[in-house]
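Okay, so here's the structure we're looking at.
The values are calculated or read from the model by the stated rules, or taken from the named source; none is laboratory data. A quick note: this is a predicted structure, and the numbers were derived from the prediction, not measured. Positions of Cβ are backbone-derived with ideal geometry, glycine not excepted, and every protein chain shown enters the neighbour counts.
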Amino acid sequence: MTAEIISVGTELLLGQILNSDAQYLARELSAYGYNLYYQVTVGDNMDRLCQCLKTALGRSDVVLLSGGLGPTEDDMTKEAVSAVFGLEMELDEASKSEIQCFFAARNREMTPNNLRQAMFPKGSIVLPNARGTAPGCIVEKDGKAAIVLPGPPHELIDMFDRHARGYLAKKSDAKIVSRVLRIFGMGESSVEHRVRDLMDGANPTLAPYASVGEVTLRLTAKVGAGESAGALLDPLTDEVISRLGDLVYTTANEKLEELAVRLLKENAKTLALAESCTGGLVAEKITDVPGASEVLLEGVVAYSNAAKMRRLGVNEATLEQFGAVSEQTASEMAEGAKNSSGADYGLSLTGIAGPGGGTAEKPVGLVYIALAGGGETFVKKLRLGGDRARIRTMSALYALDLLRRRLCSLPLETDK
């Protein structure tokens, strides 16, 4: 089965609203085995919308349309579906009653134009809207189907879950299953070079994606509705890991901070942070993870030398002899965070994020990360490129990866 998504709204074309509806629908369609070759965004124009729908129905079995179900004249999605399918519009009494009750419950006046939301192409399967006043619908004719959903994401997702999901599942005889492997410590080009021959497969497929600091590999298999994808995905996963080793830090699409929190919990360990150049970015990442309070005891942003001495116990002599950005200062920061908090591990970062502040001896991008715990302190030296935001982000990711390696008893340095 082939599906297509049409997103309706001039505000989407102008970039005034992020199109999260299309992302959600694409993900859900793939889970039910639908082939998705096109996504189209069209403004609030009847002629162009009708043309888009005609084209989509000519090449796809199911077309999902989002947006354009409001009460105003520029909300015309149902009217366009009606015109393309050659159906008259008719009033749905149940929807009319629901809309009237919606306004009455809120003690608001319902203007006459709201009744447009109760009009549907004749013979439609009406999809009630539990989150708003705009019902959706499913229209079928000549083996083709259009599923019309509201634009606001919370309304669209709820309506899809309640009504469209079951309809799509019944029409599909297959499903597409994806597994995401995340890699840290190797660039996209190097990763692709090592797995390039694996990317030529038809089922399963392998595709790389890059973001700041890490690479993801998406493994995708298409199987029958009642079949398991493991038989296809497991051998490919094993082969990727055999080539990339412990640079693959998860096969479950976890972020580094999510993995770090989980590993701390599983090992019954606690953490304290001491950050300088990252300004609390590591703490922010960790505390974004639900349940982080079970493992993170505290975090200190010690930006000045005075704060490093007062809050973390860094020796004044260390700062005078080696400077704030040094292996020695990073070590004392990590040990100070660990000892003062009573945590099992202390993790520290100090560096020069730029754009100023660098010297020939200590250039912008020089960062030291230290991890104290288990009877030893390990320091990692980094020379990072890029702007201030990239240096801070990369530093935070390297710190989380260092913690990951210690908790998994992996080498703390890698030659990859």
| query | Only one of (1) closer than 17 Å to E214 by Cβ; (2) more than 29 Å from the chain's Cα centre (by Cα) is not met by T377, so which one is it? | reply | (1)
| task | Quick one: in region 328-370, of everything that is under 17 Å from R310 (Cα atoms) and of a type in the set (S, T, N, Q), which residue is nearest to the chain's Cα centre (by Cα)? | result | S348
| field | Residues (under 13 Å from H163 (Cβ atoms) and either of a type outside the set (A, V, I, L, M, F, W, C) or crowded, with 24+ Cβ neighbours inside 10 Å (or both)) located in region 121-136 | value | S124, P128, N129, R131, P135, G136
| For region 235-268, which residues satisfy the criterion of being more than 22 Å from N203 (Cβ to Cβ) and of a type in the set (S, T, N, Q)? | T250, N267
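Would a scan of region 238-247 turn up a residue that is of a type in the set (S, T, Y), within 29 Å of L402 (Cα to Cα) and more than 22 Å from the chain's Cα centre (by Cα)?
Checking region 238-247: at least one residue is of a type in the set (S, T, Y), within 29 Å of L402 (Cα to Cα) and more than 22 Å from the chain's Cα centre (by Cα).
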| said: Within region 29-45, take every residue that is assigned to a loop (DSSP other than H, G, I, E, B) and among the small types (G, A, S) and give me the one that is surrounded by the fewest Cβ atoms within 10 Å (Cβ to Cβ). | reply: G43
| message | Of the conditions (1) of a type in the set (S, T, N, Q); (2) surrounded by fewer than 17 Cβ atoms within 10 Å (Cβ to Cβ); (3) not in a helix (DSSP H, G or I), S7 satisfies every one except a single condition; which number is it? | response | (2)
| remark: Looking across region 74-97 at residues that are within 35 Å of the chain's Cα centre (by Cα) and over 18 Å from K144 (Cα atoms), the single one that is surrounded by the fewest Cβ atoms within 10 Å (Cβ to Cβ) is D74
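Here's the yes/no breakdown for (1) in a loop (DSSP other than H, G, I, E, B); (2) under 23 Å from L410 (Cβ atoms); (3) touching a helix residue (DSSP H, G or I) at 6+ places or on another chain (Cβ under 6 Å):
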site: P208; (1), (2), (3): no, yes, yes
site: R218; (1), (2), (3): no, no, no
site: V223; (1), (2), (3): no, no, no
site: L232; (1), (2), (3): no, no, no
site: D238; (1), (2), (3): no, yes, no
site: I241; (1), (2), (3): no, yes, no
site: V261; (1), (2), (3): no, yes, yes
site: A272; (1), (2), (3): no, yes, yes
| message | surrounded by 14 or more Cβ atoms within 10 Å (Cβ to Cβ), in the same structural domain as F322 (by TED's automatic domain parsing), out of contact with any Lys or Arg (no Cβ under 9 Å at 6 or more places or on another chain) and touching a residue at least 12 places away in the same chain (Cβ under 8 Å): is that true of D387 in this structure? | response | no
| query | For region 173-201, what are the residues that are within 29 Å of M1 (Cα to Cα), touching a helix residue (DSSP H, G or I) at 6+ places or on another chain (Cβ under 9 Å) and surrounded by 15 or more Cβ atoms within 10 Å (Cβ to Cβ)? | reply | K175, I176, V177, S178, R179, L181, L198
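Given the structure, is L69 touching a residue at least 12 places away in the same chain (Cβ under 8 Å), in a helix (DSSP H, G or I) and within 32 Å of the chain's Cα centre (by Cα)?
It is false that L69 is touching a residue at least 12 places away in the same chain (Cβ under 8 Å), in a helix (DSSP H, G or I) and within 32 Å of the chain's Cα centre (by Cα).
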| query | For region 21-54, how many residues meet the condition of being touching a strand residue (DSSP E or B) at 6+ places or on another chain (Cβ under 8 Å) and either among the polar types (S, T, N, Q) or on the phi > 0 side of the Ramachandran plot (or both)? | reply | 5
| message | Yes or no: region 238-251 includes at least one residue that is among the basic types (K, R) and in contact with a Lys or Arg (Cβ under 7 Å, 6 or more places away or on another chain). | response | yes
| query | Quick one: V367 ticks every box in (1) farther than 23 Å from L410 by Cα; (2) of a type in the set (V, I, T); (3) assigned to a strand (DSSP E or B) bar one, so which box is it? | reply | (1)
| query | Taking region 135-159 as the search range and keeping residues that are in contact (Cβ under 8 Å) with a residue 60 or more places away in the chain and under 20 Å from the mean Cα position of the chain (by Cα), which one is nearest to E227 (Cα to Cα)? | reply | I157
| request: Run L57 past the list (1) part of a helix (DSSP H, G or I); (2) hydrophobic (A, V, I, L, M, F, W, C); (3) farther than 21 Å from L168 by Cα and report the number of the one that doesn't hold. | output: (3)
